[in-house]
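The structure under discussion appears below in the form of structure tokens.
Rule-based calculations on the coordinates, nothing more; no lab input. Every value quoted in this text rests on a predicted model; they were computed, and no experiment measured them. A quick note on method: Cβ atoms are made from the backbone with ideal geometry, for glycine too, and the neighbour counts reach across all protein chains shown.
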């Protein structure tokens with residue numbers, strides 16, 4: 001080796017001690033090719049041995065929407081306002097599924113990838129990021145179904161369901177849902193390295209959280225005394241704004257949306273710091 005070769009010429013330097021706030025985001029960017037490979041792996045491993053393959057992207061929200069329409073709209077007689085019930089439930093379902101999938105899969109990332117983490121170095125944040133990106137592709141496919149249903153009601157049924165100016169917030173809403181699911185998931189996966197029981201609590205808690213989110217009912221239809229409580233759920237402002245922007249039905253809850261923005265960013269940053277702290281020695285405890 002040439003004696004003139006020095007440490008500054010290395011692409012990566014691994015140090016035993018590092019600042020808690022150093023999130024190694026440059027390393028994440030350098031490993032962006034690995035991120036793409038992991039996203040592809042998620043699709044191949046999940047759908048390779050299924051009969052319907054990616055068609056499940058459509059089957060899941062369609063059946064969920066049908067069940068919600070029959071049970072909550074027809075039998076329970078829960079009003080969806082001026083929005084056609086199937087369109088109302090589909091909009092809430094695809095938005096909720098994106099958040100829930102990000103949260104559930106990120107919350108077990110340390111446990112699920114312990115063998116890989118213990119054998120080779122790469123930025124650990126790549127794993128949860130690949131989950132968010134994979135689910136974003138799934139959301140995009142399901143959003144196409146939502147768009148087709150909007151087209152059906154406008155053209156075939158003659159029911160005017162048109163977007164308004166708040167549709168411009170759509171990219172912001174998706175990013176915030178990703179940050180929220182990722183942030184909470186990172187906090188939970190850090191805790192589950194020592195407390196495995198949290199895995200069962202998360203699975204149960206996410207199912208209950210859906211009923212505290214305006215997925216099967218509009219926020220305006222909730223009793224006044226519960227609206228403030230529901231608005232404290234950071235997902236409420238995001239889903240309500242998403243639905244309002246595309247259907248122009250209902251109303252925009254500015255306070256709930258602002259609360260969602262602040263909470264999503266704070267939880268994401270806190271999750272990053274916690275994840276960065278635990279990843280240094282989680283192999284010894286997982």
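The distance linking the range 75-92 with the range 193-218 is 23 Å (Cα centroid to Cα centroid, whole angstrom). Scoring 74-85, 122-133, 210-221 by mean Cβ neighbours within 10 Å over their residues and listing the highest first yields 122-133, 210-221, 74-85. Within the range 52-180, the percentage of alpha carbon pairs spaced more than 24 angstrom apart rounds to 41%.
Take every pair of alpha-carbon atoms less than 8 Å apart whose residues are at least six positions apart; their mean separation over the length of the range 56-129 yields a relative contact order of 27 percent. Its Cα gyration tensor gives the range 25-284 an equivalent ellipsoid. The semi-axes, each the square root of 5 times an eigenvalue, are 33, 21, 17 Å from largest down. With contacts taken as Cα pairs under 8 Å at a separation of at least 6 residues, the range 25-284 carries a relative contact order of 26 percent. Peptides 242-249, 159-166 ranked from most to least packed, by the mean per-residue count of other Cβ atoms within 10 Å: 242-249, 159-166.
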